[in-house]
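The values are calculated or read from the model by the stated rules, or taken from the named source; none is laboratory data. Computed from a predicted model, the values in this text were never measured in an experiment. Virtual Cβ from ideal backbone geometry, glycine too; neighbours counted across all protein chains shown.
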Amino acid sequence: MNTLNREMREVSVTFDLLTNTQNSCLIKFGKTIVICKATIEETVPPFLRKSGLGWVTAEYGMLPGSTNERMRRESKQVAQSGRTQEIQRLIGRSLRVAVDRVALGERQIIVDCDVIQADGGTRCASICGGWVALKLATDSLIKSGQIKFDPIVRHIAAISCGIVDGEPKLDLNYEEDSSAETDANFVMDDNGKLIEIQCSAEKEPFSKEQFEIMYSMAAKGIDNIVKIQKSALNE
């Protein structure tokens, strides 16, 4: 277990929960807990067939007991909420940036992110744990000889920020997020380059100075999370 600076909640990555499942991990951001699992399929979506390119996608869900009030199960055969679709697209976009799709070969990796306990920052925890599961999956492809070169070209991590009671704050829990004047999520690589920013004023507009403070806090937090990812994988 690794503890970050006092500006963040405690973050940890473990592998001892799912004994019968490969390429999986459990990630904790404070009280938020997500199981991330990467599945390799020797097929790709129709639009990529015979292209020689691989694909990475994600599915995200919150289990019924993950919140104080029971969440209703979502089924892709019926309908997913707009929030669920938006989050899993964000996870998929973020993780694809981590991969050389030529080196991956014409196969697909599906990263499932299941929230078993939610206390804010579930999408960011899913991206961070999803990257670890993705790395485990590509390492297994190398070990089995199915690919020759590591397709992972960069570490990916994400963290939330916000303006709470007029003050910038890093890694919001549910109580802070629900009362924040500004809500933001930053996705970056291990060199501090931006992959995606989601930032919106919930109650009051925010200034350029406040945004830059949140950006700096996020960069510092993501640097720490990357260290945790590397430590968990013994890199």
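Sort out which residues of the stretch 155-196 are under 13 Å from the mean Cα position of the chain (by Cα) and surrounded by fewer than 22 Cβ atoms within 10 Å (Cβ to Cβ), and write them in order of number.
Asp189, Ile195, Glu196 - these are the residues of the stretch 155-196 that are under 13 Å from the mean Cα position of the chain (by Cα) and surrounded by fewer than 22 Cβ atoms within 10 Å (Cβ to Cβ).
Name the single residue that is modelled with the highest pLDDT among those in the stretch 53-92 being part of a loop (DSSP other than H, G, I, E, B), surrounded by 14 or more Cβ atoms within 10 Å (Cβ to Cβ) and out of contact with any Gly (no Cβ under 7 Å at 6 or more places or on another chain). Spell out how you get there, then give the answer.
At the first step, the residues of the stretch 53-92 found to be part of a loop (DSSP other than H, G, I, E, B) are 53-54, 63, 67-74, 76-78, 80-81.
Imposing the further condition that a residue be surrounded by 14 or more Cβ atoms within 10 Å (Cβ to Cβ) reduces the set to 53-54, 63, 67, 71, 74, 80.
After this cut, where a residue has to be out of contact with any Gly (no Cβ under 7 Å at 6 or more places or on another chain) as well, the list is 53, 63, 67, 71, 80.
Working: Leu53: 97, Leu63: 74, Thr67: 56, Met71: 61, Gln80: 72.
My answer is Leu53.
Among the residues of the stretch 105-141, what is the count of those that are under 30 Å from Ala184 (Cβ atoms), in a loop (DSSP other than H, G, I, E, B) and not aliphatic (A, V, I, L, M)?
3
Spot the failing condition for Leu53; the list is (1) at positive phi; (2) in contact with a helix residue (DSSP H, G or I) (Cβ under 6 Å, 6 or more places away or on another chain), and only one is missed.
(1) is the only condition that Leu53 fails.
Condition first: over 11 Å from the mean Cα position of the chain (by Cα) and either in a strand (DSSP E or B) or under 26 Å from Glu7 (Cα atoms) (or both). Can you find one or more residues in the stretch 142-154 that meet it?
Going residue by residue through the stretch 142-154, those that are over 11 Å from the mean Cα position of the chain (by Cα) are 142-154.
Cutting the leftovers down to either in a strand (DSSP E or B) or under 26 Å from Glu7 (Cα atoms) (or both) gives us 152, 154.
Yes, there is a match, as at least one residue in the stretch 142-154 is over 11 Å from the mean Cα position of the chain (by Cα) and either in a strand (DSSP E or B) or under 26 Å from Glu7 (Cα atoms) (or both).
It is to be established whether one or more residues within the stretch 129-139 are in contact with a strand residue (DSSP E or B) (Cβ under 9 Å, 6 or more places away or on another chain), free of Cβ contacts under 8 Å to residues at least 40 places away in the same chain, closer than 25 Å to Arg107 by Cβ and not acidic (Asp, Glu). Steps first, please.
So in the stretch 129-139, the residues in contact with a strand residue (DSSP E or B) (Cβ under 9 Å, 6 or more places away or on another chain) come out as 129-139.
With the extra rule that they be free of Cβ contacts under 8 Å to residues at least 40 places away in the same chain, the set shrinks to 138-139.
Still in the running and closer than 25 Å to Arg107 by Cβ: 138-139.
Retained after the next criterion (residues that are not acidic (Asp, Glu)): 138.
The answer is yes; a qualifying residue exists.
Conditions (1) under 24 Å from Cys36 (Cα atoms); (2) of a type in the set (A, V, I, L, M, F, W, C), marked per residue:
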| site | (1), (2) |
| --- | --- |
| Gly121 | yes, no |
| Ser140 | yes, no |
| Pro168 | no, no |
| Leu172 | yes, yes |
| Glu175 | no, no |
| Ser207 | no, no |
| Ser216 | no, no |
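Scan the stretch 121-136 and give yes if some residue there is of a type in the set (A, V, I, L, M, F, W, C), farther than 19 Å from Phe15 by Cβ and over 10 Å from the mean Cα position of the chain (by Cα), otherwise no. Before the answer, list the steps.
Here is the first cut: in the stretch 121-136, the residues of a type in the set (A, V, I, L, M, F, W, C) are 124-125, 127-128, 131-134, 136.
Adding the requirement that they be farther than 19 Å from Phe15 by Cβ leaves 124.
Keeping just the survivors that are over 10 Å from the mean Cα position of the chain (by Cα) gives none.
There is no residue in the stretch 121-136 that is of a type in the set (A, V, I, L, M, F, W, C), farther than 19 Å from Phe15 by Cβ and over 10 Å from the mean Cα position of the chain (by Cα).
Restricting the stretch 1-38 to residues that are of a type in the set (Ser, Thr, Tyr) and modelled with pLDDT of 95 or more, which is farthest from Asn173 (Cα to Cα)?
Per the criteria, the residue is Ser12.
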